[in-house]
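Trainee: This is the structure I want to talk about, given as structure tokens.
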Amino acid sequence: MNLGPKEIADLSIAYARCMAQLEGQGCRVGVIHDFSRVAEILSDRGKEVTPFFQAKFFDFTGHNGFCHIAEIDGDPATFCCSQVFDTGNLSYLDFHRAQLRRVYGEDYPIDTSWTCPPMTTIKGRVIYNGDAFNSLTYRGRNSLRRMTLLARMNLYLSLLSWPDLQASVALAKADHVSKGLGWCYSMAHIYPFATKWINIPPGRRQDDVFLFNSAQDILYHAQVDVISGNTVSEETD
């Protein structure tokens, strides 16, 4: 996508409005590039970092990913992380299958006869979103709203950072999506049953949902935020 002055302004204004709403909740928002620190913080709060954000599988350089963190009284409350990939000449489907083989090995093969259609049409620079997490200490009335705001900030910062972005994607459990996680992630497209496992790895289910936005979808979200003057309503929760 060719981001001109208006598009950059829309993304920047929308990002700032999300930040302002979080600050209005009493949050201090930061951006972390050191994923070893992310893993340490999440682990301290009882959450294991997903394989796609573990340094043993991926090389984080400080320039190929980031994590937004919202703190309350200096204590980490909400996280949302993003990592950029370039699939090269591969479709995202083939690229993702290769990632799964790297992470889970040959003991947990997938059924390659099953295809999630949009994965075949995405190619090039892709943002993968994950490890969205609300600390148990701060779960309550505003926790889903905090998550939604951070997820929007991830979308806007991703497109501002990598204007040649083709898609922003995520995988989520079906029961989480049924409770509104797709809307919380601000993902425009939701496809059930992303992956068919022949042998399911520990910690995974046969119900992954594929969520994604095109670059144009992200810009649309930002333009709506600018026009409406309000990114996330008070009634989100």
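Trainee: Between PHE95, ILE110, LEU136, whose Cα lies farthest towards the positive end of the dipole of region 71-217 when Lys and Arg beta carbons carry +1 and Asp and Glu beta carbons carry -1, centred on the Cα centre?
Mentor: LEU136
Trainee: Give me the number: length gained by fully extending VAL103 to ASP59, i.e. 0.36 nm times residue separation minus the C-alpha to C-alpha distance, one decimal in nm.
Mentor: 14.5 nm
Trainee: For ILE200, ILE190, what's the fewest-to-most ordering of other Cβ within 10 Å of each Cβ?
Mentor: Ascending number of Cβ neighbours within 10 Å: ILE200, ILE190.
Trainee: Same structure again: Suppose every K and R has +1 on its Cβ and every D and E has -1 on its Cβ; what is the size of the dipole of the chain about the Cα centre, in Debye to the nearest 20?
Mentor: With only Lys, Arg, Asp and Glu charged at Cβ, the dipole is about 220 debye.
Trainee: Further, regarding this structure: For THR112, project a label point 7 Å along Cα to C-beta. Then give me every residue of region 176-214 with its amide nitrogen under 18 Å of that point.
Mentor: 195-200
Trainee: Here's something else I'd like to know. Translational D (Stokes-Einstein, µm²/s) of the chain at 20 °C and 1.002 mPa s when Rh comes from the Kirkwood sum over C-alpha pairs?
Mentor: Using the Kirkwood radius from Cα pairs, D works out to 118 µm²/s.
Trainee: Pop a pseudo-label 7 angstrom from the Cα along the beta-carbon direction at both ASP44 and ILE8 and give the gap in nm to one decimal.
Mentor: With each label point 7 Å from Cα toward Cβ, the separation is 3.7 nm.
Trainee: Suppose the chain between VAL224 and LYS179 were pulled fully straight at 0.36 nm per residue; how much longer would it get relative to their current alpha carbon spacing?
Mentor: Full extension of this stretch gives 13.9 nm more.
Trainee: A further question follows. Just to confirm the number: angle between the C-alpha axis of helix 92-104 and the first principal axis of the chain, 0 to 90 degrees, nearest 10?
Mentor: So the inclination is approximately 80 degrees.
Trainee: Can you tally the lysine pairs in region 5-229 where the Cα-Cα distance is under 28 Å and the two residues are eight or more apart, or on different chains?
Mentor: Taking region 5-229 as the scope, the lysine pair count is 12.
Trainee: Still on this model: Output needed: percent of Cα pairs per 10 Å distance bin for region 1-98, bins running from 0 to the one holding the longest distance.
Mentor: Binned Cα distances yield the sequence 13, 34, 34, 18, 2.
Trainee: Angle check, please: helix 143-161 long axis (alpha carbons) against the longest principal axis of the chain (alpha carbons), in degrees 0 to 90, nearest 10.
Mentor: 80 degrees
Trainee: Based on alpha-carbon atoms only, what is the radius of gyration of region 146-235 relative to the globular estimate 2.2 N^0.38 Å?
Mentor: 1.20
Trainee: Nearest 20 debye, what's the magnitude of the dipole of region 63-180 about its Cα centre given +1 on Lys and Arg Cβ and -1 on Asp and Glu Cβ?
Mentor: The calculation lands at about 360 debye.
Here, each number is a calculation from the coordinates, and none is a lab measurement. Bear in mind that the values here come from a model prediction, so they are computed numbers and not experimental data. As a convention, Cβ positions derive from the backbone with ideal geometry for all residues, glycine included, and neighbour counts pool all protein chains shown.
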